[in-house]
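So that we are looking at the same thing, I have put the structure below in structure tokens.
The values are calculated or read from the model by the stated rules, or taken from the named source; none is laboratory data. This is a predicted model, so every value here is computed, not measured. Positions of Cβ are backbone-derived with ideal geometry, glycine not excepted, and every protein chain shown enters the neighbour counts.
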Amino acid sequence: MKFESTVMASGVPASVSIQEISQAAKTISLTVNTTPQGAMLKLDGNEVGVTPRMIYVGAGKHTLAFSKEGFTAGNFPLEISRDDVSGGTVSYELGASAFDSIELRDGSVLNGDLVSISGMDVEIRVGGSIQHIDRNKIKRVMLTQREAPAANLPPTTAPNP
């Protein structure tokens, strides 16, 4: 950036220095959205509301954290430079459902932890209580991948020669 300046001084010698104006206090606005909408949004650990949401962010490194019941929570690193301008958008897709889903023939969906399936009955734990559903009323069962529990096996010993 070029500019012209005139300085006039008299008496004791003076020094002049030119410094860049700090923009650290500059904030910009961003619209934050999630799929699905309605996730709790945290900016640097502080709750700022539910998505979709317009937030104001200062220059620097930040973390957006998203959580919604029934979905895997997630984080999004965000870096704002001093040259960024307002009006941007951040879109975040929440992780897969944290629960198994049972879609009934009437169109309703139950989300919980599948306990068992037999030829005539399905057991699903929803909100801590087990519900029994007639197998003929179920249209589809969608299971969520989970880590297998570690088997508590005794340690193996090598045979002595």
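Taking the residues in the range 46-60 that are surrounded by fewer than 15 Cβ atoms within 10 Å (Cβ to Cβ) and within 16 Å of the chain's Cα centre (by Cα) as candidates, determine which candidate is nearest to Val32 (Cα to Cα).
So the first thing to find is which residues in the range 46-60 are surrounded by fewer than 15 Cβ atoms within 10 Å (Cβ to Cβ), and the list is 46-47, 49-50, 54, 56, 58, 60.
Narrowing further to those that are within 16 Å of the chain's Cα centre (by Cα): 46-47, 49-50, 54.
On the way: Asn46: 15, Glu47: 13, Gly49: 10, Val50: 9, Met54: 6 Å.
Result: Met54.
Just need a number here: residues in the range 61-81 that are surrounded by 13 or more Cβ atoms within 10 Å (Cβ to Cβ), of a type outside the set (Gly, Ala, Ser) and farther than 27 Å from Ile130 by Cα.
Of the residues in the range 61-81, 6 are surrounded by 13 or more Cβ atoms within 10 Å (Cβ to Cβ), of a type outside the set (Gly, Ala, Ser) and farther than 27 Å from Ile130 by Cα.
For Val90, all conditions in the list (1) of a type outside the set (Gly, Ala, Ser); (2) in a strand (DSSP E or B); (3) without any contact (Cβ under 8 Å) to a residue 24 or more places away in the chain hold save one; what is the number of the exception?
(3)
Condition check ((1) under 30 Å from the mean Cα position of the chain (by Cα); (2) closer than 17 Å to Gly70 by Cβ; (3) at pLDDT below 85; (4) among the aliphatic types (A, V, I, L, M)) across all residues:
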position: Asp106; (1), (2), (3), (4): no, no, no, no
position: Gln145; (1), (2), (3), (4): yes, yes, yes, no
position: Ala150; (1), (2), (3), (4): yes, no, yes, yes
position: Ala158; (1), (2), (3), (4): no, no, yes, yes
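Next up: Any idea which residue in the range 108-123 is nearest to Phe71 (Cα to Cα), counting only those that are over 27 Å from the mean Cα position of the chain (by Cα) and in a strand (DSSP E or B)? Break it down into steps so the answer makes sense when it comes.
Step one: of the range 108-123, the residues over 27 Å from the mean Cα position of the chain (by Cα) are 115-123.
Cutting the leftovers down to in a strand (DSSP E or B) gives us 115-117, 121-123.
Numbers: Val115: 19, Ser116: 22, Ile117: 23, Asp121: 26, Val122: 23, Glu123: 21 Å.
The selected residue is Val115.
If I ask for residues that are of a type in the set (Ser, Thr, Tyr) and either farther than 14 Å from Gly95 by Cα or assigned to a strand (DSSP E or B) (or both), which ones from the range 24-79 would you list?
Kept after step one, since they are of a type in the set (Ser, Thr, Tyr), are these residues of the range 24-79: 27, 29, 31, 34-35, 51, 56, 63, 67, 72.
Thr27, Ser29, Thr31, Thr34, Thr35, Thr51, Tyr56, Thr63, Ser67 - these are the residues of the range 24-79 that are of a type in the set (Ser, Thr, Tyr) and either farther than 14 Å from Gly95 by Cα or assigned to a strand (DSSP E or B) (or both).
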